[in-house]
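The values are calculated or read from the model by the stated rules, or taken from the named source; none is laboratory data. Nothing here was measured: the structure is a model prediction, and the numbers come from that model. In this analysis, Cβ positions are derived from the backbone assuming ideal geometry, glycine residues included, and neighbour counts consider all displayed protein chains. To get the accessible areas, we keep the full protein, side chains included, count just its heavy atoms, and leave off ligands, DNA and RNA. Shrake-Rupley method; radii C 1.70, N 1.55, O 1.52, S 1.80 Å.
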Amino acid sequence: MPPIPGSGLAKGLAVTLRTMTKRTVTAQYPDVQPELPPRTRGVIGLFEENCTVCMLCARECPDWCIYIDSHKETMPAAAPGGRERSRNVLDRFAIDFALCMYCGICIEVCPFDALFWSPEFEYAETDIHELTHERDKLREWMWTVPEPPALDPAAEEPKEIAAARKAAEKLQAQEAQDIQAARDAEGAAGTPDALPGREAEQEGQE
């Protein structure tokens, strides 16, 4: 059956009329910022205090876009007669976001929680060489990292928290035992010996 002349126009007008009565869904970006999901992969923030320069992130990066420089410092002995220790001090931590493919491997392999996903995504540059951001910029992005989601109420308690809780409970129980023992000792010291009094009373009766 051949199409009715003007049916396409009628359908288009019907769609227009239906959408005219609905509220617009156009996001007025950049005046209105979008609501991003909590695990948005925007940029990578660096928590420098946790970094031990173990180089795991740089070695595991498939794009080799992480650049780390460091030097060793000798730390004095913590106690007299102890041995001096050496530690790595971070000099440079940079990420080339022109190469980064946002796989998140560096964040997953970091054993000390020094790297995090930040929802920031507005870092375009006119020069591609300016997309290599140093640790100062990465640290600024760290403060925009959202808090981790709460654990499932039915989930098991983390081993670290369970061990700390058991140690605290054991310490509290030991302290309670010490306090009770001290009270018992004070009570025994303050109670007069009844045996000499009874003997004296018996001698008086005789």
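For this structure, a couple of remarks:
- A Förster radius of 30 Å combined with the Cβ-Cβ distance from residue 86 to residue 168 puts the calculated FRET efficiency at roughly 0.30.
- Accessible area ranking (1.4 Å probe, heavy atoms, ligands and nucleic acids excluded), largest first, for 20, 75: 20, 75.
- Karplus-derived 3J(HN,Hα), 6.51/-1.76/1.60, for each residue of region 60-69, Hz, glycine and proline x: 8, 5, x, 9, 6, 9, 10, 10, 10, 10
- Amide H contacts of residue 115 (H built 1.01 Å from N, in plane; Pro and chain starts excluded): 47 sit under 5 Å, all sequence-distant by 5 or more or on other chains.
- If you run the Gaussian network model on the chain, springs between alpha carbon atoms under 10 Å, then out of 104, 82, 42 the most flexible one is 82.
- Fraction of the pair-distance distribution of region 1-85 above 16 Å, Cα-Cα pairs, percent: 80 percent
- Ligands, DNA and RNA left out, the 1.4 Å accessible surface of region 20-122 is 53% carbon and sulfur atoms.
- Computed on the chain, with alpha-carbon pairs under 8 angstrom and 6+ residues apart, the relative contact order is 21 percent.
- Annotation: per residue accessible area for the chain equals 80 Å², rounded to a whole number [probe 1.4 Å, protein chains only].
- In this entry, the chain is assigned a mean projected area of 33.8 nm², taken as a quarter of its C-alpha convex hull surface.
- Shown in residue order for region 115-127 are the 3J(HN,Hα) couplings computed by the Karplus curve 6.51 cos²θ - 1.76 cosθ + 1.60 at θ = phi - 60°: 10, 9, 7, 10, x, 5, 9, 9, 9, 5, 10, 7, 10 Hz (x for Gly and Pro).
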